[in-house]
Amino acid sequence: MNLEWSQYWIGLFAGNTDELMTLYSEQFEFEDVNLEVHIKNDLAALRRFFSGFNNEDVAKSQDVFKVFDYVGDNRLGSFQWTWETVHAGEFLGVNAAGKTTKTRGVTVMGWDENGKIILERSIWDAIPVLRQLGAIN
């Protein structure tokens, strides 16, 4: 995979969950370290988690992801990204409705011989988000 593929993948979060789900193998491991979400071989649970990023009502919530760096090959890669969002409600226990935050993160991803995702592990910087929401200085 490469930078272009990574941007395609991350762009699907904002409203194309059906297409996003076609990229995953039935045998996979997913982890969002910050949110303490770990899903293994359960595509329905992964779909539920991803549906939280859908921009169904852009007046209330928006998620914009951009990949800016990729290192790896077509079996294992790592990419850095930014996430800017307009929040619809509470986030990380803080009232965030209508507020915009931006942060960056990194994802490590692995693919099987058919190009399906078998490993996804992401971590992102929560400190800027909490600062932007006024929860910490």
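Structural remarks
- When segment 120-132 is limited to residues that are hydrophobic (A, V, I, L, M, F, W, C) and open to solvent by 40 Å² or more (accessible area, probe 1.4 Å), the one that is farthest from PHE30 (Cα to Cα) turns out to be ILE127.
- Matching entry among THR82, THR101, THR107 (being on the phi < 0 side of the Ramachandran plot, hydroxyl-bearing (Ser, Thr, Tyr) and touching a helix residue (DSSP H, G or I) at 6+ places or on another chain (Cβ under 6 Å)): THR101
- Which listed residue, of GLY93, GLY52, is small (Gly, Ala, Ser), surrounded by fewer than 14 Cβ atoms within 10 Å (Cβ to Cβ) and within 27 Å of GLU4 (Cβ to Cβ): GLY52
- You will find that of GLU113, GLU84, the residue that is within 15 Å of the chain's Cα centre (by Cα) and open to solvent by 60 Å² or more (accessible area, probe 1.4 Å) is GLU84 and no other.
The values are calculated or read from the model by the stated rules, or taken from the named source; none is laboratory data. Keep in mind it's a predicted model, so treat the numbers as computed, not measured. Every residue, glycine as well, gets a Cβ built from its backbone with ideal geometry; the counts of neighbours run over all protein chains shown. Please note that ligands, DNA and RNA were not included when accessible areas were found on the heavy atoms of the full protein model with its side chains. Shrake-Rupley method; radii C 1.70, N 1.55, O 1.52, S 1.80 Å.
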